[in-house]
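Here the structure is laid out as structure tokens; the discussion comes afterwards.
We did not get these values from a lab; they are worked out from the coordinates using the rules stated. Small disclaimer: the values here were computed from a predicted structure and weren't measured. Cβ placement follows ideal geometry from the backbone for every residue including glycine, while neighbour counts extend to all protein chains displayed.
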Amino acid sequence: MKFTLKYKQINEEREIPDENYSIKDLLDDLELSAQTIVSKQNGELVIEDTVIEDGDEIQLVQIIYGG
């Protein structure tokens, strides 16, 4: 089972390691903080507890803070 990851210059297919692999697990694997990333699954905003399914497109968008 695979999904597509899009993040900055990354656009690749990745294996889903287990059936309950979530956005949070992906962020942990990439050493990214959920507080600075917005996650989309197939174009829809999702929370970090969302489970990644076979064929999903996961897009991670870096939040920019400023003042």
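Applying the Karplus relation 6.51 cos²θ - 1.76 cosθ + 1.60 with θ = phi - 60° to the stretch 5-12 yields 3J(HN,Hα) values of 10, 10, 7, 6, 8, 7, 8, 9 Hz, where x marks Gly and Pro.
Seen from Val61, the other residues with C-beta closer than 10 Å to its C-beta sum to a net charge of +3, counting Lys and Arg as +1 and Asp and Glu as -1.
One Cα centroid belongs to the stretch 1-30, the other to the stretch 42-67; the line between them spans 10 Å. Qualifying GluC sites (Glu not before Pro) in the stretch 1-45, where qualification requires a DSSP coil assignment and no more than 15 other C-beta atoms within 10 Å, comprise Glu19, Glu31.
Under 20 Å from a point placed 7 Å out from the Cα of Tyr65 along the Cα-to-Cβ direction: which residues of the stretch 1-39 have their backbone N that close? From the stretch 1-39, the list is 27-28, 31-39. Computed from backbone phi, the HN-Hα couplings of the stretch 44-51 come to 10, 4, 9, 8, 5, 7, 5, 7 Hz, rounded to whole numbers (Karplus: 6.51 cos²θ - 1.76 cosθ + 1.60, θ = phi - 60°; Gly and Pro given as x). The ellipsoid that matches the Cα gyration tensor of the chain has semi-axes, each √(5λ) in whole angstrom, of 20, 12, 11, with the longest given first. Look at the alpha carbon pairs under 8 Å that are at least 6 residues apart: their mean separation over the length of the stretch 2-62 gives a relative contact order of 45 percent.
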